[in-house]
Amino acid sequence: MHIQPHMVMADAQGNIFDDPDLLMVCRRGEQWGLPRPDELMPLPEESELFLLPGRQAVGLDPESGEIVSCDEVAVAAFAAPAHTLSAHPAYVSQPDAPLLPLFAYGAVGFARGRFYICAKRVDEDARQQFRHIPRSRIERNVRDLLRQFPKNRLIRHILQNCVLRYDCPAARNFALGRFEAPLPTSRACNARCVGCISEQDKDSPVATTPQCRLAFTPSPAEIVEVMRFHQSRERQCPVYSFGQGCEGDPLMNPDLLEESVRSFRQQGGLGTVNCNTNASRPEAVERLALAGLTSIRVSLNSARPEAYERYYRPHGYSFADVRASIEVARRHGLWVSLNLLFFPGVTDCEDELEALVDLVTRCGVSMIQWRNLNIDPEWYLRLMQGLCAGPSMGLAAFMKRLRRACPWLRFGYFNPYLGEAAHIEAPLPGQRDVPRPQLEDAEAGENAEA
């Protein structure tokens, strides 16, 4: 049965309610419309609802077919991990509307006694689900580990700052001894991302960031101690990841990473050693691959150089260096994931699909991790002005067409466990011609009729 959620809004006291006479309206770039049937899902557990100050809720009157704005405050949903948003909420911003904090804002409505969101679950891994784990258990583990490792500054940072202060999911998993251990190492970065979540330029309009930047550089011994301890508890699928939200880019200090990885492997270290990075330094990637790295996850908002550079604002490198790093990683047997910061209405356009297929095919990418771009939607659209040509095809169609063009691609949200060495099906750079993305059958039919 077709679901038509009602518009959701909030009053001045913050009470959230729906309007049974108006339908939910969502936004993809500059396009406003009703949710597509294939993108609505019940609001996942551990998601959150946000009020959007200075923004009036908008709904569709089904009788007149007109868009109606209300005096009430617009509402958005922040989707739980493993879910990717396919649309933003539609609203009317007042001239004095404040810039929204650096979170992802999903379109949300209400029907049949529950909230619905425009999103898709892209990973079945439960590694960042905590609803059945008492907070007291995590805090007890933190206290025990701080007593056990009183001199390790990295452990103290992960537990005191990342767990107790910011509730970082990766840090909570380290405290629980499961899944993926975070390894923040870098105070510096050579990108000035518009939406950086740990540090902003002095002239940035972002008032506060969700996290604070790491204030020290750990030693190789501290890093290896974290890795070996995590391996002693997570015996089935240990993953260790450089490059966290509380740091700059780990490739800024390749000597530290190379020594740490090599030492860990020489001491019999098992599992997947991963590096989340902007991939700006091909020579550093090669050094880490030779030292025992298993995979890299390359963050980007776009496979188009101009769109990439508008957001990342690289300092001392270019998008060509990012491509070169991916090629170097693939040639040295590393699993390469793209941490694709998805933004409905910009990422899911025809030009972006063609550019992404080219990057994935020519450079040998193995996986797309479908992450949400945390940013005020209107701010990002102004930043990308002129680069959003063509209509949004929607997340589901975008994923289908990408998979059809690159059938070896794995989709997900988290860094996969690969053992010590990955089995890779992605082509080596230069081995495969770049296919032209084909339209889905329904889209092709619509275009033919037009």
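Every number here is computed from the coordinates shown, using simple stated rules; none is lab data. Because the structure is predicted, anything quoted here is derived from the model rather than measured. Every residue, glycine as well, gets a Cβ built from its backbone with ideal geometry; the counts of neighbours run over all protein chains shown.
Things worth noting here:
- Projected label distance in nm at Gln31 and Arg143, using a 7 Å step from Cα toward the beta-carbon: 5.4 nm
- The chain: Cys lacking any partner C-beta under 4.7 angstrom: Cys26, Cys70, Cys118, Cys189, Cys212, Cys237, Cys246, Cys275, Cys349, Cys363, Cys388, Cys406
- Residue exposure sequence - Glu39, Glu46 - by fewest surrounding Cβ within 10 Å: Glu46, Glu39
- Only DSSP H runs of four or more residues enter the estimate; each adds -39500 (n - 2.57), and after division by the residues of the chain the mean residue ellipticity at 222 nm equals -8500 deg cm²/dmol.
- Principal axes of the chain: Cα extent on each, largest first, Å: 70, 54, 45
- Kirkwood Rh in Å, taken over the stretch 108-226 so that all alpha-carbon pairs contribute: 16.9 Å
- Net charge of the neighbourhood of Glu199, taken over other residues with C-beta under 10 Å away and scored Lys/Arg +1, Asp/Glu -1, is +1.
- Computed over the stretch 278-354: relative contact order in percent, which uses C-alpha pairs under 8 Å that are six or more apart: 45 percent
- Here the relative contact order of the chain, from alpha carbon pairs under 8 Å that lie six or more residues apart, stands at 14 percent.
- With the Kirkwood sum run over all distinct C-alpha pairs, the stretch 6-121 has a hydrodynamic radius of 14.0 Å.
- Listed peptides 154-161, 109-116 by packing density, highest first (mean Cβ within 10 Å): 154-161, 109-116
- Check: the chain dipole with +1 on Lys, Arg Cβ and -1 on Asp, Glu Cβ, in debye: 2320 debye
- The fewest-to-most ranking of Val273, Val25 by surrounding Cβ atoms within 10 Å reads Val25, Val273.
- By the beta-carbon count within 10 Å of each Cβ, the least crowded to most crowded order of Cys349, Cys118, fewest first, is Cys349, Cys118.
- Residues considered: Gln369, Gln56, Gln438. Largest GNM mean-square fluctuation over the chain, using C-alpha springs under 10 Å, is found at Gln438.
- For the listed peptides 89-95, 430-436, a ranking on the average number of other beta carbons within 10 Å per residue, highest first, reads 89-95, 430-436.
- Prolate/oblate/rounded label for the stretch 74-114 (Cα gyration tensor, a/c 1.5): oblate
- Local electrostatic count, Gly268, Cβ distance below 14 Å [Lys/Arg +1, Asp/Glu -1]: +3
- Computed from backbone phi with θ = phi - 60° and the Karplus coefficients 6.51, -1.76 and 1.60, the 3J(HN,Hα) list for the stretch 414-419 is 10, 5, x, 7, 10, x Hz; x is used for glycine and proline.
- Cβ-based net charge around Glu72, under 9 Å, with every Lys or Arg adding one and every Asp or Glu removing one: -3
- Our summary of shape: the Cα atoms of the stretch 343-446 have principal axis extents of 43, 34, 23 Å, ordered from largest down, in whole angstrom.
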